[in-house]
Amino acid sequence: TDSPSIYRYDLATSKMSFFTDDANSLAFSPDGNLVAFVGWRSDEVSHIFVSDIVKNVLYQINSDAPYLPRGPRWSPDGSKVAYTASETNSPDFRDLDSWGAYISTLRGEATLIAHGAYPEWLTDSRGVFLRSDGVYAFDLESKKIGPVIPMVGSRAAFNMRLSVSPDKTKLAWSAPSIGKVYIYNITSLEPLNLVKVLEIDSHSFWVVFSPDSRYLATQEVDWDKIYTDDPKPRVVIFDSLGERVR
């Protein structure tokens, strides 16, 4: 299928303008001046690009390998981008550990954190990512990784997602095939401690917190229609108690 195009929407003027085509996985830098996204070159190879909105400059920050990058995430200081990619052109989408969680500087210096996917930042040097047996933490300074939330009863799936709230006090973990979105409070960073406080009944894929960390937006579907032409995808907003706002 064709990749979607990205448009800008100005809240002040309610006007929409074209940004780029053949792109997805958009992420704004903390200061809002840079945009990281996955785009395709003419040779149909995907890369992570960064667009400087102020200077109107576009540049690529990852090389031809690793392959199939997705899900860029900015570090809090805006100096690095974390993302998911594969060491081969034909990764196993059923196995999270056939992928890798990577960190790249804006000069394109990429480092593999560990096998797994969907890295999310907690600080400028620490964060979490997903492996087949649960959520792991990484520390760039000590170069250590370790489990923090075990997966119980099955293996983690590639269609799951993680999201850390902007204030770094909450973690959302979506499990669409299970029909749950798990919410954890981050009660301590040193040592890292997470406590599950909510289980939201929802077959949701993407999860993202609002800028004020009060709400969670998800892409929800009707699971009994997931393999039909219309699984009825929709954006659903939950409040801090797990109640549907809209």
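Look at the range 178-205: where a residue is touching a residue at least 24 places away in the same chain (Cβ under 8 Å) and a partner is surrounded by 15 or more Cβ atoms within 10 Å (Cβ to Cβ) and acidic (Asp, Glu), sitting 6+ places away or on another chain with Cβ atoms under 6 Å, you get Ser202/Glu220; Ser204/Glu220.
In the set (1) open to solvent by 20 Å² or more (accessible area, probe 1.4 Å); (2) touching a residue at least 12 places away in the same chain (Cβ under 8 Å); (3) in contact with a strand residue (DSSP E or B) (Cβ under 6 Å, 6 or more places away or on another chain), the condition left unmet by Ser165 is number (1).
Got at least one residue in the range 18-40 being loosely packed, with under 11 Cβ neighbours inside 10 Å, at pLDDT 70 or above and assigned to a strand (DSSP E or B)?
Among the residues of the range 18-40, at least one is loosely packed, with under 11 Cβ neighbours inside 10 Å, at pLDDT 70 or above and assigned to a strand (DSSP E or B), which makes the answer yes.
Looking only at residues in the range 171-189 that are outside any loop (DSSP other than H, G, I, E, B) and among the hydrophobic types (A, V, I, L, M, F, W, C), the one that is surrounded by the most Cβ atoms within 10 Å (Cβ to Cβ) is Val181. Selection over the range 184-223 of residues that are more than 14 Å from Ile237 (Cα to Cα) and not basic (Lys, Arg) gives a count of 17. Taking first residues from the range 81-104 that are polar (S, T, N, Q) and partners that are outside any strand (DSSP E or B) and buried (at least 17 other Cβ atoms within 10 Å of the Cβ), the Cβ contacts under 7 Å between residues at least 6 apart in sequence or on separate chains come to Ser86/Pro66; Ser86/Ser98; Ser98/Pro91; Ser104/Ile61; Ser104/Asn62. Where strands (runs of 3 or more DSSP E) sit wholly within the range 61-138, those with at least 2 residues that are touching a Phe, Trp or Tyr at 6+ places or on another chain (Cβ under 8 Å) and crowded, with 21+ Cβ neighbours inside 10 Å occupy 67-74, 80-86, 99-105, 117-121, 126-131. The residues listed here are Trp206, Trp223; of these, the one that is of a type in the set (Phe, Trp, Tyr) and either touching a helix residue (DSSP H, G or I) at 6+ places or on another chain (Cβ under 6 Å) or under 30 Å from Asp77 (Cα atoms) (or both) is Trp206. The set of residues in the range 190-221 that are under 25 Å from Phe28 (Cα atoms), surrounded by fewer than 16 Cβ atoms within 10 Å (Cβ to Cβ) and charged (D, E, K, R) comprises Asp212, Arg214.
Per-residue answers, yes or no, for (1) over 18 Å from Ala137 (Cβ atoms); (2) modelled with pLDDT under 95; (3) part of a strand (DSSP E or B):
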site	(1), (2), (3)
Ala157	yes, yes, no
Lys196	no, no, yes
Ile200	yes, no, yes
Phe205	yes, yes, yes
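When restricted to residues that are at pLDDT 70 or above and open to solvent by 80 Å² or more (accessible area, probe 1.4 Å), the range 1-17 contains 7.
In the range 44-58, the residues that are of a type in the set (Ser, Thr, Tyr) never reach a residue that is assigned to a loop (DSSP other than H, G, I, E, B) with C-beta atoms less than 7 angstrom apart, at least six apart or across chains. Residue pairs whose Cβ atoms lie under 6 Å apart, separated by 6 or more positions or on different chains, with the first residue in the range 139-156 and surrounded by 10 or more Cβ atoms within 10 Å (Cβ to Cβ) and the second aromatic (Phe, Trp, Tyr), are Ile145/Tyr136; Ile145/Phe138; Pro147/Tyr136.
The values are calculated or read from the model by the stated rules, or taken from the named source; none is laboratory data. Keep in mind it's a predicted model, so treat the numbers as computed, not measured. Because the Cβ atoms are built from the backbone with ideal geometry, glycine has one as well, and the counts that use them run over all protein chains shown. We work out accessible area using only protein heavy atoms, side chains counted, and drop any ligands, DNA or RNA first. Shrake-Rupley method; radii C 1.70, N 1.55, O 1.52, S 1.80 Å.
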